[in-house]
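Student: Structure provided below as structure tokens; questions to follow.
Here, each number is a calculation from the coordinates, and none is a lab measurement. Just so you know, these numbers come straight off a predicted model, no measurement behind them. Here the Cβ is made from the backbone with ideal geometry for all residues, glycine too, and neighbour counts use every protein chain on show.
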2 protein chains.
Amino acid sequence: MINKLSNLNKPLLMGPGPSCVSDLVYKALAKPTLGHLDPEFIDLMDEIKIFLQTMFHTKNQLTIPVSGTGSAGMETCFVNLIEPGDNVFILINGVFGSRMEDVACRLGANVDSLNFDWGTPVLLDQVEKKLSHKKYDLVAIVHAETSTGVCNPIEEIGKQVQENGALYLVDCVTSLGGINLKMDKWNIDAIYSGTQKCLSCPPGLAPISFSKKAVEKLSNRKSKVPNWYLDLSMIINYWSGKARVYHHTAPINMLYGLYQACFNIIQEGLENVIVRHLKMHQLLVKELNDLGLELFVEENARLPMLNAVKIPKGVNDENVRSKLMNKFQIEIGGGLGPLTGKIWRIGLMGETAKKENIHRLMDAFRKILN
Amino acid sequence: MINKLSNLNKPLLMGPGPSCVSDLVYKALAKPTLGHLDPEFIDLMDEIKIFLQTMFHTKNQLTIPVSGTGSAGMETCFVNLIEPGDNVFILINGVFGSRMEDVACRLGANVDSLNFDWGTPVLLDQVEKKLSHKKYDLVAIVHAETSTGVCNPIEEIGKQVQENGALYLVDCVTSLGGINLKMDKWNIDAIYSGTQKCLSCPPGLAPISFSKKAVEKLSNRKSKVPNWYLDLSMIINYWSGKARVYHHTAPINMLYGLYQACFNIIQEGLENVIVRHLKMHQLLVKELNDLGLELFVEENARLPMLNAVKIPKGVNDENVRSKLMNKFQIEIGGGLGPLTGKIWRIGLMGETAKKENIHRLMDAFRKILN
């Protein structure tokens, strides 16, 4: 039998995620598996909660990693906070906003949505107009739209949502650990992320956090959460309290990876990591411009960790990306939906956000495009 | 900062799961992360599907690992196959049968259940009586009840369910790779498992398989699956077909682990692995009896990989288990629910099912109990 793992390539991951993983995180994944009720493992769980509180800038007790990828984090937030007939307002300017709408509709919510052009941020005046006319149970938005490279004004919208009285749900899958994000200060009630972006851990877990107001909504539900696996009212009894109650077997080794990934960031200093992302983004943009390539998003709405680049006229998208992969072992992303063939998505997430990676990509671009 | 991963213990895992993990699987987890649309990774996905078909003894096209732990497998099967108002019949003789009932009720099914004593198998005549009086959309049962150590007669009930016309859903979380299991031959329409039992991979993935009849039910749904993350009608487009459509980012490194775990079993020979489980079980039972310890389950319904042992009168459950862990670095499980303090659960799953482990446990037992 041939073992296909024996000769895996090790491409440089510069797409929209997964990002590069540090050797320490790989080593963590391979640490000996402990039982999910072993006191030593529970000690690690407690530390992971503190790490995540630090990362989200929150004091929320209910701050844990969900046992699934980033999309499971989205599902967890909606399924725990929405009951059939709830009024939900979703702001959409990319794939992940649209996904939120799909998730909420499946749960029987009355969903209003506001769509903005892909590549531009959500506009405050339009949101305010809508919020002033109707009271909502929940307002949801994506912080860093991975499909377009746009950063949405989360803090400002937080103030508008607070006036409306709705719960404020924010997707920070791509933003966490890469740009400024202050959960408590910005009035965010529920948040979810993923491990494979700026945390630089392989995909498999979704850090989430719920405010007191969100926990109250959960506690006062009229119906059971229609999803046993993601029911936080039960999961919470495994992640906190003296007597840990078994719910499902936690993904032990993935949690080692998340522990180490957070450890790395906190040791470097979260603020330093954010500055590094910004500096590397500035370097990349300069180098791209030097090569005659333009960014898709206006300067003031750009994400440092996800750079959408216009594909020049006459250049074949797939041709360039497959050359990058096959000749230079570099992965970048293509566009999604209406942006297919129109943009490339260059990730500078976590461990990927380093000078040598940018130089390696630009060298390859020069050879392919000239 | 102190890194709590630096000095992790490496206990011998002889509880109800997670089980011992081979060094090759640990190494696989630490292989370089590939992109989730990288052709090399898609090639691995295709091989994992074939491995799982081999393990389940099925030709079903829809045979994949779900991105969550075993309980996510349970959730996936129910949420894709049940629509509100469907008639569902659940056979219960332990924790995991009860969990099925909870999951199905949350999805709006009309649930009938039949409860049997914990520690005894589901009884065929009672099932037949019920099935002859009512037509069901789905009948569900647990193969290996991890909470009691009982093996249920899956093949025989499969015949009864076929006559009724219902879909037949089987939990094989603990049975897969440890005892005989023939999905196609036994008329099973939907099945789910977990990685942390007899596959000897850390927890984090749930292999599932759907028959043609199950896929038809999914295709003919009147309503969307009320769970975006686990909606197989979308996930299937990522796991098969020429153009792989992104759904959620797969847990890449966990899938490396599953690949290696299946590889190990298929290389040893699935039949040989099953025989090894049986032989180790027989050895354990002999040794336990020599020490005056009795099994909780009648001989003909015992699971080889999950041995429920009666705690002798006057012996303190937690005292013994904490000595086993703290003095001998061996983890075994306690009883759940009504069996708390009444039984120990000794796992002989996958890599754990070896002579040296049994001897190590028995030596420790002798020192603690005498």
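Student: In this model, which of B:313/B:355; A:4/A:367; A:327/B:242; A:197/B:222; A:213/A:279 are farther than 25 Å apart at the alpha-carbon? Write down the numbers at each step before the final one.
Tutor: Working: B:313/B:355 28 Å; A:4/A:367 31 Å; A:327/B:242 23 Å; A:197/B:222 36 Å; A:213/A:279 37 Å.
Listed pairs above 25 Å: B:313/B:355; A:4/A:367; A:197/B:222; A:213/A:279.
Student: Taking the label point as lying 7 angstrom from Cα along the Cα-to-Cβ axis, what are the distances from residue A:7 to the corresponding position in the remaining copies, in ascending order and in nanometres?
Tutor: The answer, with the shortest distance listed first, is 4.4 nm.
Student: Just going by the charge dipole of the protein assembly as shown, with Lys and Arg at +1 and Asp and Glu at -1 on Cβ, which of A:320, B:71, A:95 is farthest out on the positive end?
Tutor: Farthest along the dipole direction, towards plus: A:320.
Student: Inside 10 Å of the C-beta atoms of B:228-241, what's the mean count of C-beta atoms belonging to other chains? Before the final figure, lay out the partial values.
Tutor: Details: counts 14, 16, 7, 2, 0, 0, 1, 0, 0, 0, 0, 0, 0, 0.
Mean partner-chain Cβ count within 10 Å for B:228-241: 3.
Student: To the nearest Å, what is the center-to-center distance of segment A:235-259 and segment A:107-168, using C-alpha atoms only?
Tutor: The distance from the Cα centre of segment A:235-259 to that of segment A:107-168 comes to 32 Å.
Student: Here's something else I'd like to know. Roughly how many debye, to the nearest 20, is the charge dipole of segment B:148-208 about its Cα centre, given +1 on each Lys and Arg Cβ, -1 on each Asp and Glu Cβ, and no other charges? Before the final figure, lay out the partial values.
Tutor: Values: 4 positive and 6 negative charges, 39 e Å.
Taking the Cα centre of segment B:148-208 as origin, the dipole is about 180 debye.
Student: So, by mean Cβ neighbours within 10 angstrom, what's the order for A:45-56, A:180-191 with the highest one leading? Before the final figure, lay out the partial values.
Tutor: Numbers: A:45-56: 18.8, A:180-191: 21.9.
Listed from highest to lowest mean packing, they are A:180-191, A:45-56.
Student: For the protein assembly as shown, compute the orientation-averaged projected area of the C-alpha convex hull (one quarter of its surface), in nm².
Tutor: Numbers: hull surface 121.1 nm².
Approximately 30.3 nm², given one-decimal rounding.
Student: Take the Cβ-Cβ distance between residue B:22 and residue B:319 as r, set R0 to 41 Å, and report the resulting FRET efficiency rounded to the nearest 0.05.
Tutor: On the way: r = 32 Å, r/R0 = 0.78.
For R0 = 41 Å, the calculated efficiency reads 0.80.
Student: Give, rounded to the nearest 20 debye, the magnitude of the charge dipole that segment B:23-266 has about its Cα centre when Lys and Arg contribute +1 at Cβ and Asp and Glu contribute -1 at Cβ.
Tutor: Details: 22 positive and 25 negative charges, 88 e Å.
Here segment B:23-266 has a charge dipole of around 420 debye.
Student: Report, in whole Å, the centroid distance computed from the Cα atoms of segment B:270-341 and segment A:309-367.
Tutor: Value for the Cα centre distance between the two parts: 56 Å.
Student: Given the rule -39500 (n - 2.57) for each run of at least 4 DSSP H residues, summed and divided by the residues of the protein assembly as shown, what is its mean residue ellipticity at 222 nm, to the nearest 500 deg cm²/dmol? Let's see the in-between values first.
Tutor: Working: 24 runs with 302 residues, N = 740.
Calculated at 222 nm, the ellipticity per residue is -13000 deg cm²/dmol.
Student: Further, regarding this structure: Show me the helices of chain B, taken as full DSSP H stretches, that run 20 Å or more along their long axis by Cα and average -1.0 or above in Kyte-Doolittle hydropathy. The partial results should precede the final answer.
Tutor: Numbers: long enough: B:39-56 (26 Å, 0.53); B:252-268 (24 Å, 0.56); B:270-290 (30 Å, -0.08); B:355-369 (21 Å, -0.49).
Helices meeting the span and hydropathy rule in chain B are B:39-56, B:252-268, B:270-290, B:355-369.
Student: Using 7 Å Cα-to-Cβ label points, what is the residue A:216/residue B:367 separation (nm, one decimal)?
Tutor: Each label point lies 7 Å from its Cα, and together they span 5.5 nm.
Student: Oh, and also: From the convex hull of the Cα coordinates of segment B:23-266, what is the mean projected area in square nanometres? Write out the running numbers ahead of the final one.
Tutor: Details: hull surface 48.6 nm².
The number I arrive at for segment B:23-266 is 12.2 nm².
Student: Would you be so kind as to identify which of B:21, A:115, A:168 lies farthest towards the positive end of the dipole of the protein assembly as shown, taking Lys and Arg as +1 and Asp and Glu as -1 on Cβ and the Cα centre as origin?
Tutor: Checking the options against the dipole of the protein assembly as shown, the answer is B:21.
Student: Return the distance in nm (one decimal) between the two label points of a simple spin-label model at residue B:278 and residue B:123, each offset 7 Å from Cα along Cα→Cβ.
Tutor: Between residue B:278 and residue B:123, the simple spin-label model gives 2.8 nm.
Student: Placing the label point 7 Å from Cα along the Cα-to-Cβ direction, what are the distances from residue B:327 to the equivalent spots in the other copies, shortest first, in nm to one decimal?
Tutor: When each copy's label point is compared with this one, the spacings are 6.8 nm.
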